Amino acid sequence: MADGKPHLNISAYQTSEDFQSKRTGRSPVTPQQDRTFHGQQLTAKYNQILQDHAQRKAKQANPITEELGIYVEIESIAGCELPLDSLDNRDFELRSCRKDGSREFALIFIPESKRDSFLKKIQHYLDPQKDGAAGPRNHNLIDAIANIKLADLKSFWTDDLGLFPADEHQDIWWELWLKKGSGDASAVAKQLAERVNGQLSNTSLSFFDSFVVLIKSSANNLAKAPELIANLEELRYAKETPTILVEASPKEQHQWANQLIQRISLSEDTNTVVCILDTGINYNHPLLEAAFRADFAEAWNPNWPDYDEYDPTKPYQDHGSKQAGLALFGDLQEVLFSNEEISLSHTIESGRIIPPTGKNDPELYGHITVGTAAKLYIERPELNRVYSLAITASNYNQEGIPSSWSSEIDRYTCGVEDDVPKLFVISAGNNSEIRPDIDYWDQVHLAQIEDPAQSWNALTVGAYTEKTTNDDQSFSGWAPLAKSGDVSPASRSSIHWSWRKQAPFKPDIVAEGGNRLISPNHTEVSNADVVSLLTTSGRASNQLFETVADTSAATALVSQQAARLMSQYPDYRPETIRGLLVHSAEWTPRMNERFVLLHGAHSPNVAKETMLRTVGYGVSNIDRALYSANHALTLIAEGQLQPFVKSDGATHSTDPTLNEMQLHQLPWPIADLQQLPPELEVKLKVTLSYFIEPNPGRRGYRKRYSYQSHGLRFETIRAGQTLENFRAYINKHAVNDDYDGPEGDTDGWLFGSKLNTRGCLHSDIWTGSAAALADMHTIAVFPVGGWWKYRTAPDRWKNSVRYSLLVSIEVPDTDVDIYSTIENSISIQVET
């Protein structure tokens, strides 16, 4: 994030009160414009578009496609969504929609036969005789538009704007997205390449409504495309692939490694480490030596070697070394092709839990995993650790029910034995049998998350992908299987868990896990290097680089993010680090497309739960997790409460009752929010993260035999609700004679109370007006039941529990500085 400001700690803004439970999304508003001025202005701009288009057309050669028309870019007013249904109908064809800051930009194609349709809509908007009960005709569309212009090449760009080529004469590879129609899209692409003096790649992507090719050309030459073809949808940056390095000679690989080594520096005071529990790591690898030594390695069995030396005649496992490269550097493809200095803020540890030959007894997995982790902790207890586990049991078939392995991890992470909570990052497991004849989205749903990734306290990582470039000549004609921004084909889900009503949503988040290639005849699927991630191999010479993919790669990347967070905020709890990664996550545009399709076919809750059990809360964003900005800030409260109590005089056989709740009255920038335009849409995000003590005995997992020791919930005060009414709504102790039900508006939340209460990690997003947000200044955290609450858990009710509450405000106007207002309030509170 550009502003790079530290998050603000608001732990002081909380009070406790006795608690007794009472428990047995806003639509975007289009602001009204000055009808006459706005309508006449848009009319003039559209007429100018028609003139400019005619001049361009006169200078161009004959078009390639038969259909003729005009590409127009429509810009929304700040903080307002465009009514896309009105831009994709019989009159217009919506090609793409992107968001830049607080504004949406829609690219539409208007056929020649419909070029007057837009003017007619404006004329009807201007005519009072066409008014309806809701106001001027077409006002939802016309009032939402801030500007229209004739589209240029950048209008088709849907990638990060920072990736758009600065040099318009430089030849680069582009992803060219074409809309499928009655004609041959591949033939159109071939003719276009000839017209713009470009080069087509040897592969293409084919989706149900789009055809994608790679074309090498300059922006200057490709600018002719909108006038030549009527089926252009969008342009993207063609990502680099790791093939060139994997296939390089050993000498060249060492040259690449040496060049990177010169740019590496390790912070002298680093106190953070990623502990990789895997097959062992080769600490002699030249790239890993910077942050890894032999004394940083342990093995479960003292007779096992720390890692396997490469010998083509013997068993050889280098999965751990591959994980280490990603956990230290991220995708080496990006790092090696950069000239930036690499400042490492964390180191690597290795805990070998997989034997050199044979297998461990499955019943010992939990013991081996935790025992090996404990060995490393005992050696250096002063370090902040991220435990990274990408080893899962493929034969697990208990459908989300806790196992001994997952329960042991829950027990170890909650700190019940040593009062030291710990952060585990675990892969969701991989679907190794991807079929070419079944949609990969459906295959991910059928592939259940593997043991121990059903762990409640662990951060479970699935995979998504942005890797859709194929420049490998040996796979000529093969296309990436998954669409950019979608779930990775090898990922797994908790869609079909039988324990869904009680189980957490898993995975929690997703990260880059690579793609697959599908053959031209759609009969084969390959895990080619070209759509994988680049990392370190398990060798110290010759072949230094290897590729890796799937949820293992995603887990290593998230482990790196967690370590960076720990290094930036060394005093934050593991619960907070886990919460920040989830709090920073968002669904990609492609995932939102999936959600819209699901919403059309199912109830809203089914659609949302399907998304949460497939891609979790989305893709984590390390910049957003690390920093706040003036207009988008995160507040963090690390709290503690005792969930249960026994009243004086209670007998030994009496069950404990709920005890207390915490009220967080936030240092809200009320005056700043009230000054914002009422139509401006703002965002509030709340995440509650805590660890539970597991009860792995399988007795139905409900009430006194529940798996979790306790549960916590959060509730946010509503817009228009008084504090007294809010307290009475939540807490039976706060009810008075005047209470007559909850006040205020509950609209605007994405998931709602039915979907933000699973597991021990809860997150929800609210969107609405700034005026409404100004009222939402208080959040309650309160307990619910668990096995600690019953007399069958002697003395556990005396325990206090920790939690981390994360609250973010985001205002689309980057000129608004709400950060300083809250920072000043906190400073005054601390002084007081």
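The values are calculated or read from the model by the stated rules, or taken from the named source; none is laboratory data. All figures in this text were calculated on a predicted structure; none of them were measured in a lab. Quick reminder, even Gly has a Cβ in these numbers, built from the backbone with ideal geometry, and neighbours come from all protein chains shown. The protein model used for the area step is the full one, side chains on, heavy atoms only, and it has no ligands, DNA or RNA in it. Shrake-Rupley method; radii C 1.70, N 1.55, O 1.52, S 1.80 Å.
Contact annotation: residue pairs with Cβ atoms under 8 Å, 6 or more positions apart or on different chains, pairing a residue in the stretch 603-631 that is surrounded by fewer than 18 Cβ atoms within 10 Å (Cβ to Cβ) with a partner that is assigned to a strand (DSSP E or B) and modelled with pLDDT of 95 or more, are ASN621/GLU586.
Residue-wise test of (1) surrounded by fewer than 20 Cβ atoms within 10 Å (Cβ to Cβ); (2) in contact with a Gly (Cβ under 8 Å, 6 or more places away or on another chain); (3) part of a loop (DSSP other than H, G, I, E, B).
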{"site": "HIS733", "(1), (2), (3)": "yes, no, no"}
{"site": "LEU755", "(1), (2), (3)": "yes, no, yes"}
{"site": "THR767", "(1), (2), (3)": "no, yes, no"}
{"site": "ALA771", "(1), (2), (3)": "yes, no, no"}
{"site": "PHE782", "(1), (2), (3)": "no, no, no"}
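In the set GLU175, GLU194, only one residue is closer than 24 Å to GLY69 by Cα, surrounded by 16 or more Cβ atoms within 10 Å (Cβ to Cβ) and among the acidic types (Asp, Glu); that residue is GLU175. For the stretch 689-731, filtering for residues that are more than 15 Å from VAL784 (Cα to Cα) and either at pLDDT 90 or above or buried (at least 21 other Cβ atoms within 10 Å of the Cβ) (or both) leaves 16. Got at least one residue in the stretch 310-321 being of a type in the set (Ser, Thr, Tyr), modelled with pLDDT under 90 and exposed (fewer than 14 other Cβ atoms within 10 Å of the Cβ)? Yes, some residue in the stretch 310-321 is of a type in the set (Ser, Thr, Tyr), modelled with pLDDT under 90 and exposed (fewer than 14 other Cβ atoms within 10 Å of the Cβ).
Taking every residue in the stretch 567-595 that is open to solvent by 10 Å² or more (accessible area, probe 1.4 Å) and pairing it with any residue that is outside any helix (DSSP H, G or I) and of a type in the set (D, E, K, R), at least 6 positions away or on another chain, the pairs with Cβ-Cβ distances below 6 Å are ARG573/GLU638; PRO574/LYS422; ARG590/LYS483; ARG590/ASP486. For the residues ASN521, ASN457, ASN470, ASN515, the requirement of being open to solvent by 10 Å² or more (accessible area, probe 1.4 Å) and not aliphatic (A, V, I, L, M) singles out ASN521. Scanning the stretch 36-93 for residues that are of a type in the set (A, V, I, L, M), closer than 23 Å to ILE229 by Cβ and open to solvent by 10 Å² or more (accessible area, probe 1.4 Å) yields LEU50, ALA54, ALA58, ALA61, ILE64, LEU68, LEU84. Close contacts from the stretch 803-832, counting a first residue that is farther than 21 Å from HIS583 by Cα and a second that is at pLDDT 90 or above and surrounded by fewer than 17 Cβ atoms within 10 Å (Cβ to Cβ), with Cβ to Cβ under 6 Å and a gap of 6+ residues or different chains, come to none at all. Restricting attention to the stretch 94-134, the residues that are open to solvent by 80 Å² or more (accessible area, probe 1.4 Å), part of a helix (DSSP H, G or I) and in contact with a strand residue (DSSP E or B) (Cβ under 9 Å, 6 or more places away or on another chain) add up to 1. The set of residues in the stretch 384-411 being open to solvent by less than 20 Å² (accessible area, probe 1.4 Å) and under 16 Å from THR372 (Cβ atoms) consists of ARG385, VAL386, TYR387, SER388, LEU389, ALA390, TRP405, ILE409.
If you go through the stretch 417-437 and keep only what is hydrophobic (A, V, I, L, M, F, W, C) and either surrounded by 18 or more Cβ atoms within 10 Å (Cβ to Cβ) or outside any loop (DSSP other than H, G, I, E, B) (or both), you end up with LEU423, PHE424, VAL425, ILE426, ALA428, ILE434.
On the basis of being out of contact with any Gly (no Cβ under 7 Å at 6 or more places or on another chain) and either among the basic types (Lys, Arg) or within 24 Å of GLY711 (Cβ to Cβ) (or both), does GLN502 make the cut? In short, yes.
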